[in-house]
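What follows is one structure encoded as structure tokens, with my remarks underneath.
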Amino acid sequence: MTATTTAPLSFTVSHPAAPVPDAQREAILAEPGFGKHFTDHMVSIDWTLEDGWTNAQVVPYGPIQMDPAASVLHYAQEIFEGLKAYRHEDGSIWTFRPEANGKRLQLSAKRLALPELSVEDFVQSLRELIAVDGDWVPSGEDMSLYIRPFMIANESFLGVRSAQKASYMVIASPAGPYFAGGVKPVSIWLSTEYSRAGRGGTGEAKCGGNYASSLLPQMEAAENGCSQVLFLDAVTQEYIDELGGMNVFFVKKDGNLLTPNLNGNILHGVTRASIIQLAKDRGLEVEERPISINEWKEGFTNGDIVEAFACGTAAVVTPINELKGADFSVGDPNAPAGELTLSLREELTDIQYGRRQDRHGWMTRLDA
Ligand SMILES: *Cc1c(COP(=O)(O)O)cnc(C)c1O
């Protein structure tokens with residue numbers, strides 16, 4: 001399905017009767033946590049098969065009314081995105097590669113039989129929200145406003161087919177540093193009982209359903225002292241796909257990088273693509289190919305793999321120092337973060353926060 005309306009949409013704006021008072025907002029921004037507090041407004045755009053995208057609005061943040069028969073509640077036709085707004089030293093507000101997120105939302109929409117929003121309207125929806133909620137973008141080390149665009153099927157109909165009504169919305173939540181007190185390496189749990197995505201499934205789409213199926217293995221990981229789950233390919237259970245919500249990289253002893261290729265089951269991470277570019281800019285080689293779980297296990301043991309890290313927008317780059325499974329563990333839970341891991345993390349966040357030249361034109365200003 002494609003959008004029948006031609007871009008760009010124009011947005012109407014309405015404000016809450018009682019926005020969060022300045023002092024209360026400042027208190028929230030001083031210690032926002034993650035995903036707990038939301039800004040005063042949200043974006044809402046409707047779609048119908050007949051009329052395409054209509055009714056683009058910025059409205060007060062609040063509950064949405066939904067028919068109990070709304071298709072998303074029954075058949076999980078839902079997709080989402082995640083990106084951040086960063087406040088630069090001079091007060092201006094920027095985001096990172098929003099066109100990539102807009103394109104990925106289209107890819108997800110296609111797979112979930114939802115309508116595609118134009119990349120132009122997607123980026124405009126972010127600008128509209130920042131125009132009214134710019135005061136919610138915190139300043140300071142590793143602080144950001146996490147932006148969550150999402151789309152749901154919203155037709156009141158229990159028949160099994162793609163919905164003829166959908167809603168696209170954007171909400172935003174101030175976020176503190178992912179690692180309070182500095183970047184800390186984590187232990188990863190290898191799930192052998194569960195898969196994240198099967199061949200031909202929705203692994204490449206950013207959809208809520210993928211997350212629903214990852215929560216039980218995530219609990220298993222937590223019970224075993226691990227903060228994230230690693231999933232293998234569902235067919236052979238031999239090759240590494242990714243974590244529940246992050247892509248994974250390895251550093252070989254020659255200093256080059258290794259990451260699973262985009263095999264149809266792996267999310268096309270914007271952070272992943274950016275890390276690959278930054279590594280190549282340094283003259284490093286990046287091998288994108290199937291990586292067996294044994295290659296990691298053996299590599300961590302014999303020294304062929306010297307660093308491992310996970311990456312995604314929320315936590316940026318997370319060092320991994322241990323891999324654990326039901327009957328093994330490799331690596332060292334006390335080992336410090338890898339040098340290249342930390343240096344790539346620093347380069348990426350320097351670009352995002354405007355501390356380093358944006359040589360690839362990745363940053364988009366949102367408040368002007
Ligand atoms: C969002 C997501 C990622 C990371 O993507 P970024 O664009 O880097 O934030 C990786 N894996 C999964 C499953 C995801 O949902």
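Within the option set Gly354, Gly361, being at positive phi, in a loop (DSSP other than H, G, I, E, B) and either assigned by TED's automatic domain parsing to the domain that holds Ser191 or surrounded by 15 or more Cβ atoms within 10 Å (Cβ to Cβ) (or both) holds for one residue only, Gly354.
Within the range 303-351, if we keep just the residues that are under 24 Å from Gly176 (Cα atoms), of a type in the set (Asp, Glu) and without any contact (Cβ under 8 Å) to a residue 24 or more places away in the chain, the residue that is surrounded by the most Cβ atoms within 10 Å (Cβ to Cβ) turns out to be Glu346. Taken together, the residues in the range 227-239 that are more than 19 Å from the chain's Cα centre (by Cα) and surrounded by 22 or more Cβ atoms within 10 Å (Cβ to Cβ) amount to 1.
For (1) more than 16 Å from the ligand (Cβ to nearest atom); (2) among the β-branched types (Val, Ile, Thr), each residue gets a yes or a no:
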site	(1), (2)
Asn154	yes, no
Val160	yes, yes
Gln164	yes, no
Ser167	yes, no
Ser173	no, no
Gly176	yes, no
Phe179	yes, no
Val183	yes, yes
Gly208	no, no
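Among the residues of the range 319-345, those identified as outside any loop (DSSP other than H, G, I, E, B) and either over 21 Å from Asp254 (Cα atoms) or hydrophobic (A, V, I, L, M, F, W, C) (or both) are Ile320, Leu323, Lys324, Gly325, Phe328, Ser329, Val330, Leu340, Leu342, Leu344. Counting only strands (runs of 3 or more DSSP E) that sit completely within the range 77-176, zero hold 1 or more residues that are at pLDDT 95 or above, over 17 Å from the mean Cα position of the chain (by Cα) and surrounded by fewer than 17 Cβ atoms within 10 Å (Cβ to Cβ).
The values are calculated or read from the model by the stated rules, or taken from the named source; none is laboratory data. This one's a predicted model, so the numbers in the text were calculated from it and none came from an experiment. All Cβ positions, glycine included, derive from the backbone under ideal geometry; neighbour counts span all protein chains shown.
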